[in-house]
Amino acid sequence: MICIKNPIQLAKMRSAGHLLHDVLAAAREVIAPGMTTMDLNAFVDQAIRKGGGIPTELGYCGYPASICASIDDEVVHGIPSENVEMKEGSIISVDVTLALDDWQADSCFTAPVGRISEEKKKLIQITEECFWQGARQAVNGNRIGDIGHAVQAWAESHGCGVVRDLTGHGIGREMHEDPAVPNFGNPGHGARIRPGMTFCVEPMITWGRWQVHTLSDGWTVVTNDHSPAAHYEHTLAVTAKGLPEILTLPGFKWKEEEA
Ligand code: MF3
Ligand code: CO
Ligand code: CO
(Lines give C-alpha, C1' and ligand atoms only; values in the text may rest on other atoms or scores of the structure.)
(Ligands and ions follow the chains in the order given, each with its own letter.)
Protein backbone atom coordinates (compact mmCIF):
# COMPACT_ATOMS: atom_id res chain seq x y z
CA MET A 1 0.00 0.00 0.00
CA ILE A 2 1.37 3.38 -1.02
CA CYS A 3 0.97 5.89 1.80
CA ILE A 4 0.30 9.48 0.67
CA LYS A 5 1.63 12.08 3.13
CA ASN A 6 -0.28 15.19 4.17
CA PRO A 7 1.42 18.60 4.55
CA ILE A 8 2.03 18.14 8.29
CA GLN A 9 3.66 14.77 7.69
CA LEU A 10 5.69 16.19 4.81
CA ALA A 11 6.96 18.95 7.10
CA LYS A 12 8.23 16.31 9.54
CA MET A 13 9.89 14.36 6.73
CA ARG A 14 11.49 17.60 5.57
CA SER A 15 12.96 18.17 9.04
CA ALA A 16 14.31 14.61 9.10
CA GLY A 17 15.71 15.09 5.61
CA HIS A 18 17.43 18.34 6.49
CA LEU A 19 19.06 16.79 9.56
CA LEU A 20 20.31 13.89 7.45
CA HIS A 21 21.70 16.31 4.87
CA ASP A 22 23.68 18.13 7.56
CA VAL A 23 24.98 14.86 9.00
CA LEU A 24 26.12 13.56 5.60
CA ALA A 25 27.72 16.89 4.66
CA ALA A 26 29.78 16.71 7.86
CA ALA A 27 30.64 13.04 7.21
CA ARG A 28 31.93 13.90 3.75
CA GLU A 29 34.36 16.40 5.31
CA VAL A 30 35.97 13.89 7.69
CA ILE A 31 36.58 11.12 5.15
CA ALA A 32 40.35 10.75 4.74
CA PRO A 33 42.97 8.06 4.22
CA GLY A 34 43.72 6.24 7.47
CA MET A 35 40.31 6.73 9.05
CA THR A 36 38.49 3.46 9.77
CA THR A 37 34.92 2.85 8.72
CA MET A 38 34.13 2.29 12.42
CA ASP A 39 35.42 5.83 13.18
CA LEU A 40 33.10 7.16 10.49
CA ASN A 41 30.23 5.13 11.96
CA ALA A 42 30.85 6.67 15.40
CA PHE A 43 31.05 10.18 13.91
CA VAL A 44 27.74 9.80 12.07
CA ASP A 45 25.98 8.10 14.99
CA GLN A 46 26.96 10.98 17.29
CA ALA A 47 25.94 13.65 14.78
CA ILE A 48 22.51 12.06 14.33
CA ARG A 49 21.88 11.88 18.07
CA LYS A 50 23.17 15.43 18.64
CA GLY A 51 20.56 16.57 16.12
CA GLY A 52 17.81 14.78 18.05
CA GLY A 53 17.52 11.90 15.60
CA ILE A 54 17.78 8.13 15.85
CA PRO A 55 20.01 6.06 13.56
CA THR A 56 17.45 3.58 12.22
CA GLU A 57 19.85 1.31 10.34
CA LEU A 58 21.17 0.15 13.73
CA GLY A 59 19.21 -3.02 14.52
CA TYR A 60 17.25 -2.97 11.26
CA CYS A 61 16.78 -6.67 10.42
CA GLY A 62 19.70 -7.22 12.79
CA TYR A 63 22.06 -4.80 11.00
CA PRO A 64 24.89 -4.08 13.50
CA ALA A 65 25.79 -0.42 12.77
CA SER A 66 24.44 3.09 12.19
CA ILE A 67 25.81 3.50 8.66
CA CYS A 68 26.56 1.39 5.63
CA ALA A 69 30.13 2.01 4.42
CA SER A 70 30.85 0.26 1.12
CA ILE A 71 34.30 0.50 -0.45
CA ASP A 72 35.24 0.00 -4.14
CA ASP A 73 33.69 -3.33 -5.31
CA GLU A 74 31.27 -3.28 -2.37
CA VAL A 75 27.95 -1.99 -3.71
CA VAL A 76 25.88 -1.56 -0.53
CA HIS A 77 25.55 -2.67 3.12
CA GLY A 78 29.27 -2.67 3.93
CA ILE A 79 29.50 -3.14 7.70
CA PRO A 80 31.76 -0.62 9.48
CA SER A 81 34.82 -2.19 11.09
CA GLU A 82 37.78 -0.98 13.12
CA ASN A 83 39.87 -3.25 10.86
CA VAL A 84 38.90 -1.42 7.67
CA GLU A 85 40.91 1.72 6.95
CA MET A 86 39.98 4.00 4.09
CA LYS A 87 42.82 3.91 1.59
CA GLU A 88 43.95 6.65 -0.80
CA GLY A 89 42.51 5.84 -4.22
CA SER A 90 39.40 4.09 -2.92
CA ILE A 91 35.81 5.27 -3.23
CA ILE A 92 33.41 4.90 -0.32
CA SER A 93 29.61 4.93 -0.33
CA VAL A 94 28.09 6.18 2.90
CA ASP A 95 24.39 5.27 3.17
CA VAL A 96 22.50 6.50 6.24
CA THR A 97 18.89 6.37 7.39
CA LEU A 98 17.61 8.29 10.42
CA ALA A 99 14.33 9.06 12.11
CA LEU A 100 13.40 12.42 13.56
CA ASP A 101 10.08 12.70 15.41
CA ASP A 102 9.22 9.19 14.07
CA TRP A 103 9.68 10.13 10.39
CA GLN A 104 12.46 8.64 8.30
CA ALA A 105 14.98 10.08 5.86
CA ASP A 106 17.45 8.03 3.79
CA SER A 107 20.37 9.30 1.71
CA CYS A 108 23.70 8.10 0.36
CA PHE A 109 26.72 9.58 -1.40
CA THR A 110 29.89 8.09 -2.84
CA ALA A 111 33.08 10.01 -2.12
CA PRO A 112 36.74 9.72 -3.10
CA VAL A 113 39.35 8.87 -0.49
CA GLY A 114 42.21 11.21 -1.37
CA ARG A 115 43.18 11.12 -5.04
CA ILE A 116 41.32 8.61 -7.21
CA SER A 117 41.51 7.41 -10.82
CA GLU A 118 39.69 9.18 -13.67
CA GLU A 119 37.56 6.01 -14.06
CA LYS A 120 36.33 6.19 -10.48
CA LYS A 121 35.61 9.94 -10.82
CA LYS A 122 33.58 9.17 -13.93
CA LEU A 123 31.68 6.39 -12.13
CA ILE A 124 30.70 8.72 -9.26
CA GLN A 125 29.61 11.40 -11.71
CA ILE A 126 27.54 9.02 -13.86
CA THR A 127 25.87 7.59 -10.74
CA GLU A 128 24.85 11.05 -9.52
CA GLU A 129 23.60 11.89 -13.02
CA CYS A 130 21.56 8.65 -12.97
CA PHE A 131 19.88 9.88 -9.79
CA TRP A 132 18.98 13.23 -11.36
CA GLN A 133 17.72 11.59 -14.54
CA GLY A 134 15.47 9.33 -12.44
CA ALA A 135 14.39 11.97 -9.94
CA ARG A 136 13.14 14.33 -12.64
CA GLN A 137 10.68 11.64 -13.71
CA ALA A 138 9.06 11.72 -10.25
CA VAL A 139 6.20 13.98 -11.32
CA ASN A 140 2.43 13.76 -10.93
CA GLY A 141 0.96 11.42 -13.54
CA ASN A 142 4.16 9.59 -14.50
CA ARG A 143 4.77 5.92 -13.63
CA ILE A 144 7.42 4.31 -11.42
CA GLY A 145 8.81 2.59 -14.53
CA ASP A 146 9.64 5.99 -16.02
CA ILE A 147 12.17 6.52 -13.21
CA GLY A 148 13.90 3.17 -13.67
CA HIS A 149 13.98 3.54 -17.40
CA ALA A 150 15.67 6.95 -17.14
CA VAL A 151 18.27 5.67 -14.66
CA GLN A 152 19.04 2.60 -16.76
CA ALA A 153 19.25 4.51 -20.04
CA TRP A 154 21.75 6.99 -18.57
CA ALA A 155 23.92 4.28 -16.98
CA GLU A 156 23.99 1.95 -19.97
CA SER A 157 24.57 4.74 -22.50
CA HIS A 158 27.79 5.40 -20.54
CA GLY A 159 28.79 1.73 -20.54
CA CYS A 160 27.96 1.20 -16.85
CA GLY A 161 25.86 -1.54 -15.22
CA VAL A 162 22.66 -1.22 -13.18
CA VAL A 163 22.42 -3.49 -10.13
CA ARG A 164 19.05 -5.27 -10.28
CA ASP A 165 19.07 -7.00 -6.89
CA LEU A 166 18.18 -3.91 -4.84
CA THR A 167 15.80 -1.03 -5.47
CA GLY A 168 14.70 2.35 -4.22
CA HIS A 169 11.58 2.39 -2.09
CA GLY A 170 8.78 4.37 -0.54
CA ILE A 171 9.64 5.91 2.83
CA GLY A 172 7.74 7.57 5.66
CA ARG A 173 7.11 6.28 9.16
CA GLU A 174 8.94 3.18 7.91
CA MET A 175 12.36 3.08 6.26
CA HIS A 176 10.98 0.87 3.51
CA GLU A 177 7.43 1.33 2.24
CA ASP A 178 5.69 0.69 -1.07
CA PRO A 179 6.34 1.15 -3.88
CA ALA A 180 9.64 -0.47 -4.87
CA VAL A 181 11.51 1.94 -7.16
CA PRO A 182 13.74 -0.14 -9.46
CA ASN A 183 16.69 1.41 -11.28
CA PHE A 184 15.60 -0.31 -14.50
CA GLY A 185 12.29 -0.71 -16.26
CA ASN A 186 9.89 0.28 -18.96
CA PRO A 187 8.41 3.73 -19.47
CA GLY A 188 4.66 3.87 -18.84
CA HIS A 189 4.74 0.82 -16.54
CA GLY A 190 4.29 0.46 -12.78
CA ALA A 191 2.39 2.45 -10.17
CA ARG A 192 1.11 5.92 -11.02
CA ILE A 193 3.11 8.70 -9.34
CA ARG A 194 0.94 11.06 -7.28
CA PRO A 195 1.44 14.18 -5.11
CA GLY A 196 2.31 13.38 -1.50
CA MET A 197 4.16 10.20 -2.41
CA THR A 198 7.59 10.10 -0.76
CA PHE A 199 10.25 7.72 -1.97
CA CYS A 200 13.97 7.16 -2.35
CA VAL A 201 15.64 7.04 -5.74
CA GLU A 202 18.96 5.28 -5.30
CA PRO A 203 20.93 4.13 -8.33
CA MET A 204 23.57 1.46 -7.61
CA ILE A 205 25.86 1.59 -10.63
CA THR A 206 28.83 -0.59 -11.59
CA TRP A 207 31.84 0.22 -13.75
CA GLY A 208 31.80 -3.33 -15.13
CA ARG A 209 29.15 -6.03 -15.15
CA TRP A 210 26.12 -5.52 -12.90
CA GLN A 211 25.88 -8.98 -11.31
CA VAL A 212 26.49 -9.05 -7.55
CA HIS A 213 26.66 -11.47 -4.62
CA THR A 214 26.41 -11.19 -0.84
CA LEU A 215 29.41 -11.99 1.35
CA SER A 216 29.28 -14.55 4.17
CA ASP A 217 28.65 -11.72 6.69
CA GLY A 218 25.11 -11.80 5.31
CA TRP A 219 25.13 -8.09 4.38
CA THR A 220 27.94 -6.84 2.16
CA VAL A 221 26.94 -6.85 -1.51
CA VAL A 222 29.93 -7.05 -3.89
CA THR A 223 30.24 -7.01 -7.68
CA ASN A 224 30.99 -10.46 -9.12
CA ASP A 225 33.71 -9.04 -11.39
CA HIS A 226 35.08 -6.86 -8.53
CA SER A 227 34.71 -3.73 -10.63
CA PRO A 228 34.00 -0.62 -8.53
CA ALA A 229 30.42 0.45 -7.78
CA ALA A 230 28.87 3.73 -6.69
CA HIS A 231 25.59 4.55 -4.95
CA TYR A 232 23.73 7.86 -4.67
CA GLU A 233 20.40 8.37 -2.92
CA HIS A 234 17.98 11.05 -1.82
CA THR A 235 14.52 11.04 -0.27
CA LEU A 236 12.06 13.02 -2.38
CA ALA A 237 8.45 14.17 -2.25
CA VAL A 238 6.21 14.34 -5.30
CA THR A 239 4.54 17.73 -5.69
CA ALA A 240 1.17 18.63 -7.24
CA LYS A 241 2.83 20.52 -10.07
CA GLY A 242 6.34 20.36 -11.43
CA LEU A 243 9.47 18.59 -10.28
CA PRO A 244 9.83 16.84 -6.90
CA GLU A 245 11.14 18.33 -3.67
CA ILE A 246 14.42 16.70 -2.61
CA LEU A 247 13.82 16.34 1.12
CA THR A 248 17.47 15.49 1.86
CA LEU A 249 18.81 18.53 -0.04
CA PRO A 250 17.69 21.73 1.73
CA GLY A 251 17.40 24.78 -0.51
CA PHE A 252 17.79 22.78 -3.72
CA LYS A 253 16.03 24.23 -6.75
CA TRP A 254 15.76 22.59 -10.16
CA LYS A 255 17.21 24.87 -12.82
CA GLU A 256 13.74 25.12 -14.39
CA GLU A 257 12.45 26.62 -11.13
CA GLU A 258 15.11 29.30 -10.73
CA ALA A 259 13.88 32.86 -11.14
N1 MF3 B 1 19.75 2.91 3.73
C2 MF3 B 1 19.39 1.66 3.06
C3 MF3 B 1 18.43 1.95 1.94
O4 MF3 B 1 18.76 2.78 1.14
C5 MF3 B 1 18.95 0.61 3.97
C6 MF3 B 1 20.04 0.17 4.86
S7 MF3 B 1 19.92 -1.46 5.21
C8 MF3 B 1 20.38 -1.49 6.82
O9 MF3 B 1 17.37 1.43 1.76
F10 MF3 B 1 20.31 -2.70 7.20
F11 MF3 B 1 21.59 -0.98 6.92
F12 MF3 B 1 19.56 -0.75 7.53
CO1 CO C 1 19.88 4.33 2.00
CO1 CO D 1 17.06 3.66 0.55
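Being of a type in the set (V, I, T) and part of a loop (DSSP other than H, G, I, E, B) is the filter here, so list the residues in region 210-259 that pass it.
Residues satisfying the conditions are T220, V238, T239, T248.
Name every residue in region 59-86 that is surrounded by fewer than 18 Cβ atoms within 10 Å (Cβ to Cβ) and out of contact with any strand residue (DSSP E or B) (no Cβ under 8 Å at 6 or more places or on another chain), in order of residue number.
Hits for region 59-86 are G59, C61, G62, Y63, P64.
Out of the residues in region 230-253 that are small (G, A, S) and within 15 Å of ligand 3 (Cβ to nearest atom), state the one that is farthest from C68 (Cα to Cα).
Here the residue is A237.
Just give me the residues in region 242-259 being within 16 Å of ligand 2 (Cβ to nearest atom), more than 23 Å from V162 (Cα to Cα) and out of contact with any Gly (no Cβ under 7 Å at 6 or more places or on another chain), in sequence order.
L249
Anything in region 136-154 that is surrounded by fewer than 20 Cβ atoms within 10 Å (Cβ to Cβ) and in contact (Cβ under 8 Å) with a residue 60 or more places away in the chain? List them, or say none.
Scanning region 136-154 gives R136, V139, N140.
Based on what the data block shows, is A191 among the small types (G, A, S), touching a helix residue (DSSP H, G or I) at 6+ places or on another chain (Cβ under 9 Å), within 16 Å of T110 (Cα to Cα) and modelled with pLDDT of 95 or more?
It is false that A191 is among the small types (G, A, S), touching a helix residue (DSSP H, G or I) at 6+ places or on another chain (Cβ under 9 Å), within 16 Å of T110 (Cα to Cα) and modelled with pLDDT of 95 or more.
Report, by residue number, each residue of region 157-193 that is surrounded by 15 or more Cβ atoms within 10 Å (Cβ to Cβ), touching a Lys or Arg at 6+ places or on another chain (Cβ under 7 Å) and not aliphatic (A, V, I, L, M).
Across region 157-193, the qualifying residues are G161, G172, F184, G190.
Mind checking whether some residue in region 228-241 is at pLDDT 95 or above, within 16 Å of ligand 2 (Cβ to nearest atom), closer than 18 Å to H149 by Cα and among the aromatic types (F, W, Y)?
yes
Restricting attention to region 95-128, which residues are of a type outside the set (V, I, T), under 13 Å from the mean Cα position of the chain (by Cα) and away from ligand 3 (no atom under 16 Å from the Cβ)?
A111 - this is the single residue of region 95-128 that is of a type outside the set (V, I, T), under 13 Å from the mean Cα position of the chain (by Cα) and away from ligand 3 (no atom under 16 Å from the Cβ).
Need a quick list: strands (runs of 3 or more DSSP E) entirely within region 119-207 having at least 3 residues that are farther than 27 Å from I92 by Cβ.
Answer list for region 119-207: 177-181.
Which is away from ligand 1 (no atom under 13 Å from the Cβ) and either among the aliphatic types (A, V, I, L, M) or surrounded by fewer than 22 Cβ atoms within 10 Å (Cβ to Cβ) (or both), of G218, G196?
Matching residue, one of G218, G196: G196.
One line per residue, one yes/no per condition, for (1) within 15 Å of ligand 2 (Cβ to nearest atom); (2) over 19 Å from Y232 (Cα atoms); (3) not acidic (D, E):
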position: N83; (1), (2), (3): no, yes, yes
position: S90; (1), (2), (3): no, no, yes
position: S93; (1), (2), (3): yes, no, yes
position: V96; (1), (2), (3): yes, no, yes
position: L100; (1), (2), (3): no, yes, yes
position: D106; (1), (2), (3): yes, no, no
position: I124; (1), (2), (3): no, no, yes
position: F131; (1), (2), (3): yes, no, yes
position: G134; (1), (2), (3): yes, no, yes
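Where residues in region 30-46 are more than 21 Å from I124 (Cβ to Cβ) and within 16 Å of ligand 2 (Cβ to nearest atom), which of them is surrounded by the fewest Cβ atoms within 10 Å (Cβ to Cβ)?
Taking the candidates together, the pick is D45.
The values are calculated or read from the model by the stated rules, or taken from the named source; none is laboratory data. Quantities reported herein were computed from a predicted structural model and do not represent experimental measurements. Virtual Cβ from ideal backbone geometry, glycine too; neighbours counted across all protein chains shown.
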